[in-house]
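Worksheet for the structure shown next.
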Amino acid sequence: MANLIVVGAQWGDEGKGKIVDLLTTHFDIVARYQGGHNAGHTVIVDGRKFVLHIIPSGILHPGTACVIGNGVVVDLLALKQEIELLAAAGISCQGRLLISDRCHLIFDYHRDVEGADEDRRGDRRIGTTRRGIGPAYEDKFGRRGRKETDPPARRLGAENRQPTGAAGAWARPGAGPLFCRYRRLPEPGHGPGKTRAVRGRAGNAA
């Protein structure tokens, strides 16, 4: 099976989402493998503008399966809001969007830490989106992050690091309706010559 990877060689804003959107008709699966809900990918379909922050742009094509891979850090509330915005536009993610249960989660304190660090830097601030993506990766690589599959009290103080509000129900282990293991992915091959596409912050793959 052939695969195609779209890689952004700079610092984002290269148009990866648009490229993947153009390529999607040739593929069965579009996967995002890295990054978070940053500035977003803007795609215009039939005169309608869509700005996707975390869901692969392949979701705009009926019949295409979309995957958020384990290298992505997921803000459950942002994901829920994006799914609802797509639904309001008549685009359903039901049965088409799959998320690795090994994805690390972004919590409120990640945003707080990033915001405080940016404020501390003053004129030398990085200029992040303050969405907690960087601190979530710090936790992931420091082996102190949380995944959807982790038990509620996996570590000391975990009870104080749970998402609140609308995202709370999604964060309970086993409650995420879209999380799965890769072995549950649908088999590709719905059409001749069609394979998979992948997309990440450093790239998109199709």
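The values are calculated or read from the model by the stated rules, or taken from the named source; none is laboratory data. The shown structure was predicted, so the numbers you read here are calculated from the model rather than taken from an experiment. Note that we place each Cβ from the backbone using ideal geometry, even for glycine, and neighbour counts take in every protein chain shown. Just the protein is used for accessible areas: all its heavy atoms, side chains included, with ligands, DNA and RNA removed. Shrake-Rupley method; radii C 1.70, N 1.55, O 1.52, S 1.80 Å.
Given the structure, is Ala65 under 20 Å from Lys16 (Cβ atoms) and either surrounded by 23 or more Cβ atoms within 10 Å (Cβ to Cβ) or not hydroxyl-bearing (Ser, Thr, Tyr) (or both)? So Ala65 passes the test. Entry remark, the range 1-52: residues being assigned to a loop (DSSP other than H, G, I, E, B), in contact (Cβ under 8 Å) with a residue 12 or more places away in the chain and not aliphatic (A, V, I, L, M) number 9 in total. All conditions in (1) modelled with pLDDT of 90 or more; (2) touching a Lys or Arg at 6+ places or on another chain (Cβ under 9 Å); (3) more than 24 Å from Ile106 (Cβ to Cβ) hold for Gly90, with the sole exception of (2).
For the range 1-18, residues that are farther than 23 Å from His104 by Cβ, modelled with pLDDT under 85, open to solvent by 30 Å² or more (accessible area, probe 1.4 Å) and not basic (Lys, Arg) total 7. In this structure, Gly36 does not satisfy being buried (at least 16 other Cβ atoms within 10 Å of the Cβ), within 17 Å of the chain's Cα centre (by Cα), under 20 Å from Arg96 (Cα atoms) and modelled with pLDDT under 80.
Here Glu82 clears all of (1) open to solvent by 30 Å² or more (accessible area, probe 1.4 Å); (2) part of a helix (DSSP H, G or I) except the condition numbered (1). With respect to (1) farther than 18 Å from Ile19 by Cα; (2) of a type in the set (A, V, I, L, M, F, W, C); (3) touching a His at 6+ places or on another chain (Cβ under 7 Å), the lone exception for Leu52 is condition (1). Taking the criterion of being loosely packed, with under 15 Cβ neighbours inside 10 Å, out of contact with any Leu (no Cβ under 9 Å at 6 or more places or on another chain) and small (Gly, Ala, Ser), the residues of the range 90-137 that qualify are Gly90, Gly95, Ala116, Gly122, Gly127.
On inspection, Arg181 does not qualify as crowded, with 18+ Cβ neighbours inside 10 Å, modelled with pLDDT of 50 or more and more than 15 Å from the chain's Cα centre (by Cα). With respect to (1) among the hydrophobic types (A, V, I, L, M, F, W, C); (2) more than 27 Å from Glu148 (Cα to Cα); (3) in contact (Cβ under 8 Å) with a residue 24 or more places away in the chain, the lone exception for Ile59 is condition (2).
Checking the stated criteria, Leu77 turns out not to satisfy the condition of being open to solvent by 30 Å² or more (accessible area, probe 1.4 Å), modelled with pLDDT of 85 or more and over 16 Å from the mean Cα position of the chain (by Cα).
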